[in-house]
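Just so you know, all these numbers are worked out from the coordinates, no wet-lab data involved. Remember, predicted model here, so these are calculated numbers, not experimental data. Here the Cβ is made from the backbone with ideal geometry for all residues, glycine too, and neighbour counts use every protein chain on show.
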């Protein structure tokens, strides 16, 4: 399987993460790259650096205002007297229609949903090349050569068109799907991360040309809390083109795979001819977030079920955090897919 990764994706090294009122080390560490890359190579992936498709495919989903913010905010932040080493918001608008301030502090609050997406000197470059890995993966499967894996880190599925959040800055899976759509495909995004892909849902919610499906821990008591509920089905032309399958905390392999069959049936009925899998591995029973309880065997069966769908597939890395089984879980998904 062809795989894509650029060394500049290591430049994002967040130090700040707040959970339950405590400031903790970020789980989204550059060390994830080493574990995931080694596991992908062991599963048969051959890596190459992505090409540079420029800002166009990224700006197809993200507003110019937001990209201007991401590119410039770290430099602006450093001009604030006694500013911290990372851009972290402390105030947010009540809704997206509120006024757009001129200050760096106010714009940080507007464009960063939470404290889990700190921006430092290398953040934009890392996010840019993470997106380019997904774009190259989309171009590869569009060529009809075979499936592909994009080791996109930092991840992307919590990023909206103009809003970062949950470790995410650019919506890599959405960018890949839009790239495929513009190449003449009818793509679906299947998100198997333990957290709902709220940014992906938000970007495509009123559209009927990209299907979005997410299997995740029930957000009633789990991040991202405000999105991912079963009644969210899309709006306008997109009504019926968004499917959320929230699962109880601790859901095991059998129940997860039942939900996956429902998800894949929706992909088939959408008539998708390209599939972007937002590949979170944090549904693992060993993941530090402890949302679901999928085993290594379960991940192999997930990969095999996706293969049986028979749709050209791009895997784009989302979550999955450092644990004894992180690498094995990736290897089992990719191995299960290739065997399937």
Quick check: anything in the stretch 276-295 crowded, with 23+ Cβ neighbours inside 10 Å and over 20 Å from the mean Cα position of the chain (by Cα)?
no
Selection count, the stretch 209-224, where residues are in contact with a helix residue (DSSP H, G or I) (Cβ under 6 Å, 6 or more places away or on another chain) and either farther than 22 Å from residue 270 by Cα or in contact (Cβ under 8 Å) with a residue 40 or more places away in the chain (or both):
4
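Out of 66, 74, 100, report the one residue that is farther than 15 Å from residue 161 by Cα and assigned to a helix (DSSP H, G or I).
Working: 66 fails: farther than 15 Å from residue 161 by Cα; 100 fails: assigned to a helix (DSSP H, G or I).
Going through 66, 74, 100 in turn, the sole match is 74.
Go through the stretch 307-329 and give me each residue that's closer than 24 Å to residue 31 by Cβ, part of a helix (DSSP H, G or I) and touching a strand residue (DSSP E or B) at 6+ places or on another chain (Cβ under 8 Å).
Of the residues in the stretch 307-329, the ones closer than 24 Å to residue 31 by Cβ are 315-329.
Retained after the next criterion (residues that are part of a helix (DSSP H, G or I)): 326-329.
The answer is 326, 329.
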In the set 174, 137, 156, which member is under 11 Å from the mean Cα position of the chain (by Cα), part of a helix (DSSP H, G or I) and crowded, with 24+ Cβ neighbours inside 10 Å?
174
Could you check the stretch 225-252 and list, in sequence order, the residues that are touching a residue at least 40 places away in the same chain (Cβ under 8 Å), crowded, with 19+ Cβ neighbours inside 10 Å and part of a loop (DSSP other than H, G, I, E, B)?
251
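Out of 304, 300, 206, 272, I need the residue that is touching a helix residue (DSSP H, G or I) at 6+ places or on another chain (Cβ under 7 Å) and either assigned to a loop (DSSP other than H, G, I, E, B) or touching a residue at least 60 places away in the same chain (Cβ under 8 Å) (or both). Which one? Break it down into steps so the answer makes sense when it comes.
Details: 304 fails: either assigned to a loop (DSSP other than H, G, I, E, B) or touching a residue at least 60 places away in the same chain (Cβ under 8 Å) (or both); 300 fails: either assigned to a loop (DSSP other than H, G, I, E, B) or touching a residue at least 60 places away in the same chain (Cβ under 8 Å) (or both); 272 fails: touching a helix residue (DSSP H, G or I) at 6+ places or on another chain (Cβ under 7 Å).
On inspection, the qualifying residue turns out to be 206.
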